[in-house]
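See structure below.
The values are calculated or read from the model by the stated rules, or taken from the named source; none is laboratory data. These figures come from a predicted structure and were not determined experimentally. Glycine also receives a Cβ, built like all others from the backbone with ideal geometry; neighbour counts cover every protein chain displayed. With ligands, DNA and RNA removed, areas are computed over all heavy atoms of the protein, side chains included. Shrake-Rupley method; radii C 1.70, N 1.55, O 1.52, S 1.80 Å.
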Amino acid sequence: MSTPKRVPLPAILLANDLLDGDVVFSTGDGWTRDPSEAVIAYDDPTADQLEAHAKAAFAAQQVVDAYLVDVALDAQGRPTPRHFRERFKTLGPSNRPDLGKQAAYR
């Protein structure tokens, strides 16, 4: 059996908060709703640390559905998911992009 492929780097760790369902990003030792505060994995050891953080947070019943997401960095170094599904998850309500908890972090 082969090892599953890792997403291309750079990547961030995205999850859903277990209590309120919000999209959250790993800061390495905690979680934030602001993607610009997320730890960006530029190498495999950092990606491994983020995945270990995800497993520990899942075991502690803090988050669910945690996984690495490959990102593009804007001119200020802020990560933006490359794929539609993850980008859509980070934006908040699709009918009113100016509303929602993530609207402040655009």
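In the range 35-77, which residue that is small (Gly, Ala, Ser) and open to solvent by 70 Å² or more (accessible area, probe 1.4 Å) is modelled with the lowest pLDDT?
So the residue we want is Ala75.
Could you list, in sequence order, all residues of the range 9-41 that are over 14 Å from the mean Cα position of the chain (by Cα) and within 19 Å of Arg82 (Cβ to Cβ)?
Residues satisfying the conditions do not exist here.
Quick one: in the range 1-34, of everything that is polar (S, T, N, Q) and open to solvent by less than 40 Å² (accessible area, probe 1.4 Å), which residue is farthest from Gly77 (Cα to Cα)?
In this case the residue turns out to be Asn16.
Which of the numbered conditions does Trp31 fail, given that it passes all the others? Conditions: (1) within 17 Å of Val71 (Cα to Cα); (2) modelled with pLDDT of 95 or more.
(1)
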